[in-house]
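Chemist: Supplied in structure tokens, the structure appears directly below.
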Amino acid sequence: MSIAQNTETTAKLRCISCGSTPDSASQDFRCTACGDLLEFFFPGWALDQLDGAKPRHHTGPLALKSLWLNRSSSRDALDQSGVWRFRELLPHIPNLEDHAITLGEGNTPLYRLPRCARAAGVENLLAKHQGMNPTASFKDTGMTFAASSAHQGGFRWVACASTGNTSASMAAYAARGNMHSLVLIPDGKISWGKLSQALDYGALTCQLRTDFDGCVRILNDLVRQKPVYLLNSVNPYRIEGQKTAAIELMEQLAWEPPDHIIVPGGNLGNSSAIGKALVEMRELKLISRLPKLSIIQAQGANPFYRCVREFGGKKLEPMTADTLATAIRIGNPASWKKALRVLQATGGEVEQVTEVEIAAAKAEVGADGIGCEPASAVTLAGLKKLRRSGFVKPGESVVLILTGHQLKDPDFTIKFHRGELFSGTPVQNAAAQAKSLQRAPVVLDPSLGDVIAALDAAERNS
Ligand code: F0G
């Protein structure tokens with residue numbers, strides 16, 4: 001089954017490598033001519049229609065900004081969604097009223113992180129917390145859009161390979177849209193929180209004895225044989241929905257871009273989406289300049305870091321990935337070429353961080369009263385390195401994209417605070433540097449005196 005383009009005249013599909021513009025996508029969302037990824041582009045976006053010089057209905061930047069703002073106070077479910085609110089910048093889905101599946105995604109908070117700012121050596125540090133989405137990760141913004149497209153295409157089954165968050169999100173949106181979902185996850189390598197979500201939302205969950213990259217390979221073969229709609233981020237509808245995190249961020253900043261945005265890099269769909277949105281907003285004169293978008297990987301899962309630093313962006317060498325930040329345990333990221341373009345367009349950097357740096361940064365985000373999952377904490381760990389290298393200056397404004405909620409992986413958090421996360425591993429000694437951040441629970445007899453003694457000891461140490 002081929003997937004109709006679902007658009008009127010404004011959005012078209014294009015291959016990122018050979019530039020061919022198919023009318024529809026095949027089920028693996030790869031270019032039939034050269035096999036590379038597809039993306040949406042908007043040939044109808046003529047700048048003279050959008051720069052306010054010749055304002056058309058709802059198309060000038062000022063008109064768009066006020067339209068979007070007004071929608072936030074509407075009672076309409078789509079207007080209330082932090083994704084669909086910005087639908088003018090997304091491909092059109094025909095008969096949307098019959099197909100849109102929304103859980104009120106987006107609308108995520110932008111927090112100030114004062115302690116983390118001090119630890120990183122910057123004055124102005126904010127976090128856009130995408131973990132505050134309905135299924136507690138950034139995946140919901142892309143999923144509402146792509147799942148709606150699957151529904152519009154008449155699919156009974158949707159499927160993804162996942163390190164956990166995509167599967168949780170997909171299963172929820174499929175359930176809301178009365179579709180069946182198939183999840184392929186690496187056995188033993190995703191957090192219980194994420195697995196439990198997929199089960200509760202009713203997915204057919206297959207734990208394959210392989211890693212994420214192995215799950216992707218099986219899924220790609222499956223969608224070529226079965227009428228199953230692929231919901232990984234190679235699906236360009238996912239990328240379009242995920243763009244809205246950047247649009248919403250700019251709105252929260254009164255359309256005044258920060259100097260830097262920092263994102264974690266796994267399969268590299270999110271960085272591609274945020275970067276695409278930034279470039280498009282600049283083209284449409286919704287913002288006057290581009291923030292630098294930097295991508296951070298875990299050292300044990302760093303194929304993109306190596307692609308840029310070792311191979312000058314010329315090739316990506318797949319690797320066997322390993323990190324406790326299981327969400328980004330990915331050795332062969334699908335969207336590396338899109339992410340590379342974003343780095344080049346915005347002048348961003350790529351960095352890698354160690355397991356201990358990730359764990360310490362996660363505790364620091366927690367200590368600011370926010371919290372996030374391990375993969376999200378690479379952003380703060382990466383910022384510290386980018387400060388040390390001088391790429392980020394102390395007076396520059398920085399936004400971290402926190403991609404997942406703290407409760408996604410409590411096992412990691414508890415082991416860290418108990419001092420067990422790295423015991424028996426080669427980094428056991430290096431882990432001592434994070435000791436001051438550990439807050440292990442204190443087990444006591446039920447005695448008032450013991451609790452007061454614990455309180456006094458904590459006060460002396462604070
Ligand atoms: N942070 C979290 C919490 C994630 O779940 C992921 C990816 C990333 C960062 C990386 O984003 O892949 O767009 O570069 N999780 C995917 C999943 C792969 O299956 O849930 P990316």
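Chemist: Under 5 Å between amide hydrogens, which residues at least 5 positions from Asp322 or on another chain qualify, with H placed 1.01 Å from N in the peptide plane?
Modeler: For Asp322, whose amide H was placed from the backbone, the distant partners under 5 Å are Ala301.
Chemist: As a footprinting exposure proxy, order Met170, Met143, Met250 by other Cβ within 10 Å, with the fewest listed first. List each step's numbers first, then the result.
Modeler: On the way: Met170 33, Met143 36, Met250 19.
So the residues, fewest neighbours to most, are Met250, Met170, Met143.
Chemist: Let me know the charge dipole size of the range 229-319 about its Cα centre in debye, to the nearest 20, where only the beta-carbon of Lys, Arg (+1) and Asp, Glu (-1) is charged. Mind dumping the intermediate values first?
Modeler: Working: 11 positive and 9 negative charges, 67 e Å.
It works out to roughly 320 debye.
Chemist: At 0.36 nm per residue, and after removing the present C-alpha to C-alpha distance, how many nm does the segment from Trp255 to Ala367 gain when stretched out fully? Write down the numbers at each step before the final one.
Modeler: Working: separation 112, 0.36 × 112 = 40.32 nm, distance 2.92 nm.
Working it through step by step, the gained length comes to 37.4 nm.
Chemist: Gain in length, Thr425 to Glu97, computed as 0.36 nm per residue apart minus the alpha-carbon separation, to one decimal in nm? Each step should come with its number before you reach the end.
Modeler: Details: separation 328, 0.36 × 328 = 118.08 nm, distance 5.35 nm.
My answer for the length gained is 112.7 nm.
Chemist: Further, regarding this structure: Could you please rank Asp445, Asp322, Asp23, placing first whichever residue has the fewest other Cβ atoms within 10 Å of its Cβ? Numbers along the way, then the final one.
Modeler: Numbers: Asp445 7, Asp322 15, Asp23 10.
Ordered from fewest to most neighbouring Cβ atoms within 10 Å, Asp445, Asp322, Asp23 come out as Asp445, Asp23, Asp322.
Chemist: Here's a follow-up. Based on DSSP, what percent of beta bridges with both residues in the chain are antiparallel, to the nearest 5? Don't skip to the answer; put the middle values down first.
Modeler: Numbers: 11 of 42 bridges.
Roughly 25 percent of the beta bridges in the chain run antiparallel, per DSSP.
Chemist: Let me ask something else. Which residue, Leu293, Leu407, Ala198, has the largest displacement toward the positive end of the dipole of the chain when charges sit on each Cβ (Lys, Arg +1; Asp, Glu -1)?
Modeler: Final value for the positive-end residue is Leu293.
Chemist: Projected area of the range 71-145, taken from the Cα convex hull and averaged over every viewing direction, in nm²? It would help to have the intermediate numbers written out before the result.
Modeler: Working: hull surface 25.1 nm².
With the hull built on Cα positions only, its mean projection is 6.3 nm².
Chemist: Can you return the aspartates and glutamates within cross-link range of Lys65? Criterion is Cα-Cα under 16 Å, with same-chain partners fewer than 8 residues away left out.
Modeler: Asp51, Asp79, Glu88, Glu248, Glu251, Glu256, Glu280, Glu283
Chemist: Also: Given charges of +1 on the Cβ of Lys and Arg and -1 on the Cβ of Asp and Glu, with all other atoms neutral, how large is the dipole of the chain about its Cα centre, in debye to the nearest 20?
Modeler: On the way: 50 positive and 45 negative charges, 165 e Å.
Dipole magnitude for the chain comes out near 800 debye.
Chemist: For a Förster distance of 35 Å, can you work out the FRET efficiency between the beta-carbons of Lys226 and Ser17, rounded to the nearest 0.05? Numbers along the way, then the final one.
Modeler: Working: r = 27 Å, r/R0 = 0.76.
E between Lys226 and Ser17, to the nearest 0.05, is 0.85.
Chemist: Moving on. Taking neighbour Cβ counts within 10 Å as the exposure measure, how do Cys34, Cys215 sort from fewest upward? Before the final figure, lay out the partial values.
Modeler: On the way: Cys34 12, Cys215 25.
With the fewest neighbours first, Cys34, Cys215 line up as Cys34, Cys215.
Chemist: Between Lys393 and Ser196, what length comes free when the chain is fully extended (0.36 nm per residue of separation minus the Cα-Cα distance, one decimal in nm)?
Modeler: Additional length available on full extension: 66.7 nm.
Chemist: What is the sum of charges around Thr108, taking Lys and Arg as +1, Asp and Glu as -1, for the other residues whose C-beta is under 10 Å from the C-beta of Thr108? Before the final figure, lay out the partial values.
Modeler: Numbers: positive: Lys128; negative: Glu105, Asp140, Glu248.
Within the 10 Å Cβ shell, the charges total -2.
Chemist: While we're here: Pop out the ³J(HN,Hα) list for the range 264-274 in order, Karplus 6.51 cos²θ - 1.76 cosθ + 1.60 with θ = phi - 60°, rounded to Hz; leave Gly and Pro as x.
Modeler: With the stated coefficients, the range 264-274 comes to x, x, x, 7, 6, x, 5, 4, 4, 5, 5 Hz.
Chemist: So for the range 118-214, what percent of the C-alpha to C-alpha distances run longer than 24 Å? All intermediate terms of the calculation are to be shown ahead of the outcome.
Modeler: On the way: 1295 of 4656 pairs.
The answer is 28 percent, as a whole percent.
Chemist: If you don't mind, there's one more thing I want to ask. Just in the range 85-185: which trypsin sites (Lys or Arg not before Pro) are loop by DSSP and have at most 15 other Cβ atoms within 10 Å?
Modeler: On the way: sites: Arg85, Arg87, Arg112, Arg115, Arg118, Lys128, Lys139, Arg156, Arg176; in loops: Arg156.
Qualifying residues, ordered by number: Arg156.
Chemist: I need the phi-derived Karplus couplings for the range 301-317: 6.51 cos²θ - 1.76 cosθ + 1.60, θ = phi - 60°, integer Hz, Gly and Pro marked x.
Modeler: Karplus-based 3J(HN,Hα) across the range 301-317 equals 9, 10, x, 6, 4, 5, 4, 7, 6, 9, 10, x, x, 7, 8, 10, 9 Hz.
Chemist: Calculate the dipole size of the range 100-241 relative to its Cα centre from +1 charges on Lys and Arg beta carbons and -1 charges on Asp and Glu beta carbons; express the result in debye to the nearest 20. It would help to have the intermediate numbers written out before the result.
Modeler: Numbers: 14 positive and 9 negative charges, 21 e Å.
The calculation lands at about 100 debye.
Chemist: Follow-up question, since we're still on this one. Rg over Rh of the range 289-398, using C-alpha atoms and the Kirkwood radius, what does it come to? Mind dumping the intermediate values first?
Modeler: On the way: Rg = 13.9 Å, Rh = 14.4 Å.
So for the range 289-398, dividing Rg by the Kirkwood Rh gives 0.96.
Chemist: Based only on Cα atoms, what mean projected area does the convex hull of the range 343-451 have, in nm²?
Modeler: Computed as one quarter of the Cα hull surface, the answer is 9.6 nm².
Chemist: Separate question: Apply the Karplus parameterisation 6.51 cos²θ - 1.76 cosθ + 1.60, with θ equal to phi minus 60°, to every residue of the range 206-219 and state each ³J(HN,Hα) to the nearest whole Hz, in sequence, with x for glycine and proline.
Modeler: Per-residue couplings from phi come out as 10, 8, 8, 7, 7, 9, 4, 5, x, 5, 4, 4, 5, 5 Hz.
Chemist: OK, next. Quick one: grab Rg to one decimal and Dmax as a whole number for the range 194-266, Cα atoms only, in Å.
Modeler: 17.1, 48
Chemist: How about the chain: what cysteines have no other cysteine beta carbon under 4.7 Å from their own?
Modeler: Result for the chain is Cys116, Cys160, Cys206, Cys215, Cys307, Cys372, no neighbouring Cys Cβ within the cutoff.
Chemist: Here's a follow-up. So for the chain, what are the equivalent ellipsoid semi-axes in whole Å, largest first, each being the square root of 5 times an eigenvalue of the Cα gyration tensor?
Modeler: Working: eigenvalues 255, 132, 97 Å².
Equivalent-ellipsoid dimensions as semi-axes: 36, 26, 22 Å.
Chemist: Would you pull out the residues with amide H under 5 Å of Leu208's amide H, same chain only if 5 or more places away, H placed 1.01 Å from N?
Modeler: Ile185, Asp187
Chemist: Would you list which lysines come within 28 Å of Lys408, measuring only between C-alpha atoms, while excluding same-chain residues fewer than 8 positions from it?
Modeler: Straight-distance partners of Lys408: Lys128, Lys139, Lys189, Lys194, Lys243, Lys276, Lys338, Lys362, Lys384, Lys385, Lys435.
Chemist: Would you please give the residues with an amide H less than 5 Å from that of His92, counting only those at least 5 places away or on a separate chain, with H modeled from the backbone geometry?
Modeler: Glu8, Ala11
Bear in mind that the values in this text are calculations on the coordinates, not laboratory data. On a predicted model such as this, the values are computed, not experimentally measured, just so you know. No Cβ is skipped: glycine too gets one built from the backbone with ideal geometry, and neighbour counts run over all protein chains shown.
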